[in-house]
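Single-structure report; data block below.
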There are 4 protein chains.
Amino acid sequence: MAASLHLNPDHACLIVHGSDQPGIVAAVSAMITRIGGNIVAFDQYSDNPEGGAYFQRVVFHRPGFAAARPHIEAEIAQTLAGFDLEWSLTDQSVPKRMAILSSKQDHCLLDLLWRHRRGDLPVTVPMVISNHTASAEDVRSFGVPFFHVPGVAGPDKSASEAKILELLRGNVDFVVLARYMQILSGDFLKELGVPVINIHHSFLPAFIGAEPYKKAKERGVKLIGATSHYVTDDLDEGPIIEQDTVRVTHADSAAELARRGADVERQVLSRAVLWHAEDRVIRHGNHTIVF
Amino acid sequence: MAASLHLNPDHACLIVHGSDQPGIVAAVSAMITRIGGNIVAFDQYSDNPEGGAYFQRVVFHRPGFAAARPHIEAEIAQTLAGFDLEWSLTDQSVPKRMAILSSKQDHCLLDLLWRHRRGDLPVTVPMVISNHTASAEDVRSFGVPFFHVPGVAGPDKSASEAKILELLRGNVDFVVLARYMQILSGDFLKELGVPVINIHHSFLPAFIGAEPYKKAKERGVKLIGATSHYVTDDLDEGPIIEQDTVRVTHADSAAELARRGADVERQVLSRAVLWHAEDRVIRHGNHTIVF
Amino acid sequence: MAASLHLNPDHACLIVHGSDQPGIVAAVSAMITRIGGNIVAFDQYSDNPEGGAYFQRVVFHRPGFAAARPHIEAEIAQTLAGFDLEWSLTDQSVPKRMAILSSKQDHCLLDLLWRHRRGDLPVTVPMVISNHTASAEDVRSFGVPFFHVPGVAGPDKSASEAKILELLRGNVDFVVLARYMQILSGDFLKELGVPVINIHHSFLPAFIGAEPYKKAKERGVKLIGATSHYVTDDLDEGPIIEQDTVRVTHADSAAELARRGADVERQVLSRAVLWHAEDRVIRHGNHTIVF
Amino acid sequence: MAASLHLNPDHACLIVHGSDQPGIVAAVSAMITRIGGNIVAFDQYSDNPEGGAYFQRVVFHRPGFAAARPHIEAEIAQTLAGFDLEWSLTDQSVPKRMAILSSKQDHCLLDLLWRHRRGDLPVTVPMVISNHTASAEDVRSFGVPFFHVPGVAGPDKSASEAKILELLRGNVDFVVLARYMQILSGDFLKELGVPVINIHHSFLPAFIGAEPYKKAKERGVKLIGATSHYVTDDLDEGPIIEQDTVRVTHADSAAELARRGADVERQVLSRAVLWHAEDRVIRHGNHTIVF
């Protein structure tokens, strides 16, 4: 991958998440000083200082991070042993591996590939999988492998999903559904085991399900929107990462809503992907904390 | 009422609405020339040039309009006789009479009264009716009569509504529900016989019903909104006039959402009221055309 | 060019522009009825009904428009003879020919080419000219000719411009500067003789001239913006077609401002190009009327 | 003052500002634990981890804060002695005292008074001073003292300013210019010695100086804006706290721009005032960091 503003050598990101208790900031920041790190960014949030949930994101610079990582992880584990907290540590010099699933509509797909090429997304793109072949040439012109897995409804659905799983398993850190028009089964999501980010073409929870622009036209709304969320078993009900809206009028047809909405979709999806790739998004129940 | 930018002597607004046919623009504009008028603003929209619905708003200047009105109405009727169209004519030098119904929350109420006093709304405000007494003094400081009609649930609801009807009947051209927390019955709306504009504190159709900010917090949305719509028998389902949204984060509590939403509510409601007062909004089925 | 929503067979657009006088709407609409046309869209604006400037845009459907065009033009000329008005008529089934000039930054260039390929812009793209070679392959992958004309400062500037003129002359209806970083001379613009649309990476008139994001960072603004305008002899002073802004914070570096601004730039430019291509923009002095 | 969401008993805010060095977060958070505090909100920013400027805002809960304050201040001083940092500590249960200066236009003034009454601003309002008398009754209806100090141009200006100073000195923590149309002298600002927040009716740095809406109309911009900033000796050049914009069209007159802009002004000013009152704004050179 090309050099990016977002990949920083010897930088790491520590996410901490659990029950709020006094002293977490002090314990974590002292530990980072102790291991020779310098805090570059620090965000925290508690949904209730009295027994609520606590969330923390710390980015620190530590020369020789990769070599020292086992030692650092041991320090973190020891530091947090007294608290009721989960944690994860990521190396900010290593891009996440992002696969993209798409269908016929290519605006979100191409937007992600172009941002990646510009160095605006700290990821690699090991593959694009589509149930259509229309985008094959475009995708490959970005130097990205393209695989065609036809979508099949009904009993054979599991065959398609099995094929997709075979391609993805072990090769990706997260998956983006860039207007992928197939519904993924709960079994697939469980087997896959990495986060899946979707872009829905409405301002959720308005217009859940199929054909949201048609429904928006029918209801006569004055704004349309788009929502990026983590995919769960419940269709269109997963934790929301980012949303935005744009003004429309009575004079816009459903086709015009789709055209205008496409701009919002690619903006919203690209922000959600960037924030996920930078470890800024923490899932908590059906919500997200975005630092 | 104080002089306003929006009240123009010898100006009239003609709304035309019905089946699209060739020649409507030519017929209407020739008629306006014939009666000695000069077109100041002209908007039209057809949802389908082949047999769709047609909407037109023409503002024209005609010296001596009030005296000539019967003659002008006869000309309009004759001109449109050959088309399948309804029409209405309003004198733009005469402010509409707007009653406001409110409850405890006063942000929308006071915002409308301020704007009115500044000359930013081409209306008179003959009265404010509330099911609480808290705003009485504020309302009267604007020189506006205040009436307290306690809201009653259950069988006595009709008594309250009868009292409100008695106050409003014949005295108002439209009614604004400025965060009025009582549900008006279908009978009341029918008896009243003038348009009723509501402000709902969500981006409809998301979060229909009570406590939308609480629901928004639970769903974890990243934008909240407000919707102004005409009131119909179906709660929160009437034709939408205007909507807007504002960005929020995970860190905003439901109370904070309410505080931030209050700003959107008063902006959205004031725009809807202004457009209605200027005869810019045409209802068509469950939609609005806003010129 | 692929079929587009925006290209309509047998549709024409008549722009009328000049001194306001009573009777223009009636005269134009009667004429359109007379020539067998049906009005599809009608917009008008007067900056002062008493002796101000008048602007009108009428889209009408007229079966057999192309064959009847000379007859229709004669009718228009005769109809408007008694008014102090200029007019122009365009065939809405014929796409405008749009050349793009670009430099190293490719976000605006690629965005326009994508939208064009999707059928979202009613134009053809006969060529892209750049003072860099980096985008050659991308441009050609869209089936669009690419020409490299190195930019030269100082006395030899005229040589570059002459070469560009040679490529453009007679082949284009308008030119888009998609982050083209060379300043075009007044002589070039005069020789070219077609409208030139630029995208400036600031909210004009703030941050005129070079390096607007750096200046925005230095001034500590909380929003950055982009402006699309027609190019005139006065750098960054031409009539503004469209603008937009996006929120930034103290934590965004100048590089981050540029990254975030790139999204605003391509949105703003694409809207300006679409509106120009649809004959929605009328220039008047240093302003635009956008219908 | 009425109880407010924003005033929290036993909560304090520590602002730290100076040269970035490793270990600041650890030192501050350990100190807060040591004094028996629990961190409720923590924000930090460094404009350059290598020798840049560092900014930190910590809100902590400490039972019995007021009584323990001298001890806590001594701990802070000792903790930060080894760093090159300035600090300030505020008691978040004590509202700041905000005076408002206004002229004829009352939209910003009334908006602030109403928000204050609703409990949405953690301040008291000891007085309003105006160079006009029009708002006297309105201001007093909020229970706020009103003083009339006529504005005088030329040599007598210092007399007015002296009178204002006499009223303000010792009685206020900050001053808000709510569309106050007199220019305050550098001497006045120096004598006053507390922050002064202004609302300018343009998107600075566009349209510096008088009559920005007229200038915006002349330039033909498609968005207008408002800017709230700290007042310095250089007119319209002080550090920007908050800005926003709203869309306008060619059809909006300068008067209409002013009407639409008034909504943006009061939103922008109210956000700036809230953030200042909550100690969220740190000045640094001609910039602000807003946490």
* Cα-based shape type of segment D:11-91, given that a ≥ b ≥ c are square roots of the gyration tensor eigenvalues and the cut on a/c is 1.5 -> prolate
* Asked: How high is the relative contact order of segment A:11-91, in percent, counting Cα pairs under 8 Å that sit 6 or more residues apart?
  -> 48
* To do: For the pairs A:Lys217/B:Lys222; D:Lys163/D:Lys190; C:Lys163/C:Lys190; A:Lys96/A:Lys215; C:Lys104/C:Lys157; A:Lys222/B:Lys214, note any where the Cα-Cα span goes beyond 25 Å.
  => A:Lys96/A:Lys215
* To do: Mind checking segment D:20-95 for GluC sites (Glu not before Pro) that DSSP puts in a loop (not H, G, I, E or B) and that have at most 16 other Cβ atoms within 10 Å?
  => D:Glu50
* In a shell of Cβ-Cβ distance under 14 Å around C:Asp138, excluding C:Asp138 itself, what net charge do Lys and Arg (+1) and Asp and Glu (-1) give? -> +1
* Got the D:Lys214 label distances to the other copies yet, label 7 Å along Cα→Cβ, in nm, shortest first? -> 3.6, 5.3, 5.5
* Shielding score for B:93-100, defined as the mean number of other chain Cβ atoms within 10 Å -> 0
* Asked: So how strong a dipole does segment D:152-282 carry about its Cα centre when Lys and Arg Cβ are +1 and Asp and Glu Cβ are -1, to the nearest 20 debye?
  -> 540
* Structure fact -> Dividing the mean separation of Cα pairs under 8 Å (6+ apart) by the residue count of chain D yields a relative contact order in percent of 16
* Asked: If you put +1 on each Lys and Arg Cβ and -1 on each Asp and Glu Cβ, how big is the dipole of the protein assembly as shown around its Cα centre, in Debye rounded to 20?
  -> 0
* Which FRET efficiency value, to the nearest 0.05, do you get for B:Ala134 and D:Met181 by plugging their Cβ-Cβ distance into 1/(1 + (r/R0)^6) with R0 = 51 Å? -> 0.90
* Taking H placed 1.01 Å from N in the peptide plane, check which residues at least 5 places from D:Ser202 or on another chain put their amide H under 5 Å from its amide H. => D:Thr227
* Asked: Which FRET efficiency value, to the nearest 0.05, do you get for D:Asn48 and D:Asp84 by plugging their Cβ-Cβ distance into 1/(1 + (r/R0)^6) with R0 = 22 Å?
  -> 0.95
* Compute the acute angle (0 to 90°) between the alpha-carbon long axis of helix D:157-168 and the principal axis of greatest extent of the alpha-carbon atoms of chain D; round to the nearest 10°. => 40
* Asked: Among B:Ser88, B:Ile15, B:Ile39, whose Cα lies farthest out toward the positive end of the dipole of segment B:11-91, if unit charges sit on the beta carbon of Lys, Arg (+1) and Asp, Glu (-1)?
  -> B:Ile39
* Net charge over other residues, Cβ less than 14 angstrom from the Cβ of D:Leu109 (K, R count +1; D, E count -1) -> +3
* Quick one: with label points 7 Å out along Cα→Cβ, list the inter-copy distances for A:Pro126 in nm, shortest first? => 4.9, 6.6, 7.4
* When the dipole is taken about the Cα centre of chain C, and only Lys, Arg (+1) and Asp, Glu (-1) are charged at their Cβ, what size is it in debye, to the nearest 20? -> 800
* Can you list the HN-Hα couplings for segment D:260-276, worked out from phi with the Karplus curve (6.51, -1.76, 1.60; θ = phi - 60°), rounded to whole Hz and with x for Gly and Pro? -> 5, x, 4, 5, 5, 4, 6, 5, 5, 5, 5, 5, 4, 5, 4, 5, 4
* So how exposed is C:His229, as accessible area in Å² (1.4 Å probe, rounded to 10)? -> 10
* Cα gyration tensor category, rounded, prolate or oblate, for segment C:96-290 with a/c compared to 1.5 -> rounded
* Could you let me know the centre-to-centre spacing of segment D:216-236 and segment B:63-87, using Cα atoms, in angstrom? => 47
* Please give the net charge around D:Ser185, taking every other residue with its beta carbon less than 10 angstrom from that of D:Ser185, where Lys and Arg add +1 and Asp and Glu add -1. => -2
* Asked: Per residue of B:256-265, what is the mean number of Cβ atoms on other protein chains within 10 angstrom of that residue's Cβ?
  -> 2
* Return the sequence-ordered ³J(HN,Hα) values of segment B:89-95 in whole Hz as given by the Karplus equation 6.51 cos²θ - 1.76 cosθ + 1.60 applied to θ = phi - 60°, using x for Gly and Pro. => 10, 10, 8, 7, 8, 10, x
* Structure fact -> Within 10 Å of the Cβ of an average residue in A:26-35, the count of other chain Cβ atoms is 5
* Contour excess over end-to-end distance, with Cα ends at A:Lys104 and A:Arg118 and 0.36 nm allotted per residue -> 2.7 nm
* Cβ-vector label at 7 Å, D:His284, separations to other copies in nm -> 2.7, 4.7, 5.4
* To do: Take every Cα pair under 8 Å in segment A:31-190 that's 6+ residues apart, average their separations, divide by the length, and report that relative contact order as a whole percent.
  => 21
* Per the axis that maps chain A onto chain C, nearest residue of A (Cβ criterion) and its distance in Å -> A:Ser141, 3
* Which of the GluC sites (Glu not before Pro) across segment B:220-277 are loop residues per DSSP, with 15 or fewer other Cβ within 10 Å? -> B:Glu237
* With at most 16 neighbouring Cβ atoms within 10 Å, loop trypsin sites (Lys or Arg not before Pro) (DSSP) excluded, longest segment of chain D -> D:170-291
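The values are calculated or read from the model by the stated rules, or taken from the named source; none is laboratory data. Remember, predicted model here, so these are calculated numbers, not experimental data. A quick note on method: Cβ atoms are made from the backbone with ideal geometry, for glycine too, and the neighbour counts reach across all protein chains shown. In case anyone asks, the SASA skips ligands and DNA or RNA and just uses the protein heavy atoms, side chains included. Shrake-Rupley method; radii C 1.70, N 1.55, O 1.52, S 1.80 Å.
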